[in-house]
Amino acid sequence: MQRITVKTAPIPGQKPGTSGLRKKTAVFMRSPFLENYVQATFDGIGGIEGQTLVVGGDGRYFNDQAIAIILRMAAANGAATCIVGQGGVLSTPAASHLIRKRGADGGLILSASHNPGGPDADFGLKYNGPNGGPATESVTEKIYARTQDISEYRIADADAPDIGQIGTHALGPMRVEVIDPVSDYADLMESLFDFDAIRALLRSGFRLRFDAMHAVTGPYASEILENRLGAAAGSVVNATPSPDFGGGHPDPNPIWARDLMDTMYGPDAPDFGAASDGDGDRNMIVGRGCYVSPSDSLAVLADLAHLAPGYARGLKGVARSMPTSGAVDRVAQAKGIACYETPTGWKFFGNLLDAGMASLCGEESAGTGSDHVREKDGLWAVLLWLNILAIKNTSVAQLMQAHWAHYGRNYYSRHDYEEVDAEAANALIRDLTTALPGLAGQRFGALEVAQADEFRYDDPVDGSTARSQGIRVFFTNGARVVFRLSGTGTAGATLRVYLERLETVPDALAEDPQTALADVIAAADAIAGITARTGRAQPDVIT
Ligand code: G16
């Protein structure tokens, strides 16, 4: 094998967002876009000489070709071993687990998560560190800095091995270990949850439906739910991953998982429904006629995780991203454990998990996870729910009602305005930031602003500071609205508006969230001038 050094020049637009670099597939495919970013990653982390890396992705269009390039570049950069999922497939949580289990130095995960896949859709790449978690801000800054002064990349002039079969290959002096992507992860799940109790629940006639959305969790869910736990054959639907996710949008929410919602709200609905996203780290939970919002799911899991063997000793603490509702805070307070509020992005949980300060984390964006890996984990959340339902012997709807009756209900909704003109979106945030000091005391419809600020996070573990992490407006009645721009889109800007209001009156716990939040929704528009500035009368997606 020869190491070739290829001259290159910086390519604009390689700044990682909330979770690695996400771009249109066509952009990634235009050489040397991928090569530059991979070399910048290797250089940004201080080189990979002698290292072991885990490499895998969600199987979307260009996954296999990109992995072949990454392997050739890893070999030319002196890596000792690359551990690759068979066929180039690894769910994000499974990749995180492999990095940890094998003591690898890090990993490259190829995914644009819940974004659609295909030649005209999206692709992504991110680096995870030796703890199995997404690179911290300081590391992604180094990677980004390198993309701006890169002048060459290194690549082997040999073909990458066939990764379709399990086995060990050589690429020059580098070992390429092709492994079963599912078994290690399935074993980990079996070690955390009471599989006997879940098996008994499923034998008792409890029916479930898991929608893999033609994405990476298909093989994982089939093995765990059907093979190991005995769910009826066919309980896992859309189980064969496809490069364009069956032409769909693999985002587990009531909009994009419409089929599942219709089934769960239809006649003869199963007892439990769930879905996961493109790379398997997000989840949606829905009972018969009862959708569970991600923020509520986090609160319920925090309350009852001790019913699963892996969490029987209780939680050390919990953490949520700032825009996530305060439902979990109320649980933490009742249990006397710490609750941390971090910026959006799973990478901000890593230090808390590593330091043993939190053992359960979650985000409003359909992510929940624990210290078993350093990513959010879709199937993990599904199994914890099943474990809880098996022990409590109750339905999802009953469980939610009991939770709200005890803790109150944080009515919650997120309104997304997608592909908004980037300049208009930036101006909206800029003007809001300028207006912040004068907002307190102002009335917007029925609500009065108590306090408004721009969220900043001081990491209690490494002392780093993340600024400008979203605008928060608190009202005197305890309601809250948050404005921020998404860091995961690939076209224009996406404005996210997060709306929340706590309700504790027993008779008022079963309203439609959009109705319960009507005053907050109106105030949000009045404060930010959303309709006027974006030209949109309605959000594109309401979750
Ligand atoms: C990523 C991050 C999450 C974040 C989500 C939404 O999820 O890992 O931490 O909450 O994006 O981010 P934004 O609001 O900036 O679009 P995923 O599932 O896309 O990797």
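The values are calculated or read from the model by the stated rules, or taken from the named source; none is laboratory data. Remember, predicted model here, so these are calculated numbers, not experimental data. Heads up, the Cβs are rebuilt from the backbone with ideal geometry, glycines too, and the neighbour counts pull from every protein chain shown. Just so you know, the surface numbers come from the protein's heavy atoms only, side chains and all, with ligands and any DNA or RNA stripped out. Shrake-Rupley method; radii C 1.70, N 1.55, O 1.52, S 1.80 Å.
State in Å² the accessible area per residue of the chain; use a 1.4 Å probe, count heavy atoms of protein chains only, and round to the nearest integer.
Values: 19770 Å² over 543 residues.
Accessible surface, normalised per residue, equals 36 Å².
Under a 5 Å amide H to amide H cut-off, with H placed in plane at 1.01 Å, what residues pair with Val541 once short-range neighbours are removed?
Asp416, Glu418
Apply the Karplus parameterisation 6.51 cos²θ - 1.76 cosθ + 1.60, with θ equal to phi minus 60°, to every residue of the stretch 88-97 and state each ³J(HN,Hα) to the nearest whole Hz, in sequence, with x for glycine and proline.
x, 9, 8, 5, 4, x, 5, 5, 4, 5
So which trypsin sites (Lys or Arg not before Pro) in the stretch 386-469 pass both tests, a DSSP loop state and at most 13 other Cβ atoms within 10 Å of the Cβ?
Numbers: sites: Lys392, Arg409, Arg414, Arg430, Arg443, Arg456, Arg467; in loops: Arg456, Arg467.
Listed in order of number, the matching sites are Arg456, Arg467.
Just how large is the dipole of the stretch 185-407 about the Cα centre, in debye to the nearest 20, putting +1 at every Lys and Arg Cβ and -1 at every Asp and Glu Cβ? Please report the intermediate quantities before stating the final value.
On the way: 17 positive and 26 negative charges, 124 e Å.
Using only the charged Cβ atoms, the result is roughly 600 debye.
Rounded if a/c is under 1.5, else prolate if a/b beats b/c, else oblate: with a ≥ b ≥ c from the C-alpha gyration tensor eigenvalues square-rooted, which is the stretch 1-153?
Working: a/c = 1.27, a/b = 1.04, b/c = 1.22.
The shape class here is rounded.
Please figure out what share of the DSSP beta bridges in the stretch 3-181 is antiparallel and state it in percent, rounded to the nearest 5.
Values: 20 of 35 bridges.
For the stretch 3-181, the DSSP antiparallel bridge percentage is about 55.
List the residues whose amide H sits under 5 Å from the amide H of Val89, counting only those 5 or more places along or on another chain, with H placed 1.01 Å from N in the peptide plane.
Gly57
Using a simple charge model, +1 on the beta-carbon of Lys and Arg, -1 on the beta-carbon of Asp and Glu, nothing else, what dipole does the chain show about its Cα centre, in debye to the nearest 20? Before the final figure, lay out each step's value.
Values: 47 positive and 64 negative charges, 114 e Å.
The calculated dipole for the chain is roughly 540 debye.
Is the shape of the chain best called rounded, prolate or oblate, per the rule: a/c under 1.5 gives rounded, else a/b larger than b/c gives prolate, else oblate, with a ≥ b ≥ c the square roots of the Cα gyration tensor eigenvalues?
Numbers: a/c = 1.79, a/b = 1.24, b/c = 1.44.
Cα axes put the chain in the oblate bin.
Quick one: what are the phi-derived ³J(HN,Hα) couplings along the stretch 347-357, Karplus 6.51/-1.76/1.60 with θ = phi - 60°, whole Hz, x for glycine and proline?
4, 6, 7, x, 4, 5, 5, 4, 7, x, 8
Going by the alpha-carbon gyration tensor, a ≥ b ≥ c the square roots of its eigenvalues, is the stretch 499-543 rounded (a/c under 1.5) or, if a/c is not under 1.5, prolate (a/b greater than b/c) versus oblate? Before the final figure, lay out each step's value.
Details: a/c = 3.83, a/b = 2.21, b/c = 1.73.
The shape class here is prolate.
Given labels modelled 7 Å from the Cα in the Cβ direction, how far is it in nm from Thr433 to Gln451?
It works out to 2.1 nm between the two label points.
For the stretch 33-48, just list the computed ³J(HN,Hα) in residue order, Karplus coefficients 6.51, -1.76 and 1.60, θ = phi - 60°, integers in Hz, with x standing in for Gly and Pro.
With the stated coefficients, the stretch 33-48 comes to 4, 5, 4, 4, 5, 5, 5, 4, 5, 4, 5, x, 8, x, x, 10 Hz.
Carbon and sulfur: what percent of the stretch 327-373's accessible surface (1.4 Å probe)?
Numbers: 520 of 1220 Å².
Carbon plus sulfur share of accessible area: 42 percent.
Given the DSSP H assignment, sum -39500 (n - 2.57) over each helix run of at least 4 residues in the chain and divide by its residue total; what's the result at 222 nm in deg cm²/dmol, nearest 500?
Working: 18 runs with 170 residues, N = 543.
That comes out to -9000 deg cm²/dmol.
Using a Förster distance of 25 Å, how high is the FRET efficiency between Arg3 and Asp149, based on the Cβ-Cβ distance and rounded to 0.05? Working shown, then result.
Values: r = 21 Å, r/R0 = 0.85.
After rounding to 0.05, the efficiency reads 0.75.
For Thr18, enumerate residues with amide H under 5 Å from its amide H, sequence gap 5+ or separate chain, H modeled in the peptide plane.
Under 5 Å from the amide H of Thr18: Gly487, Thr488.
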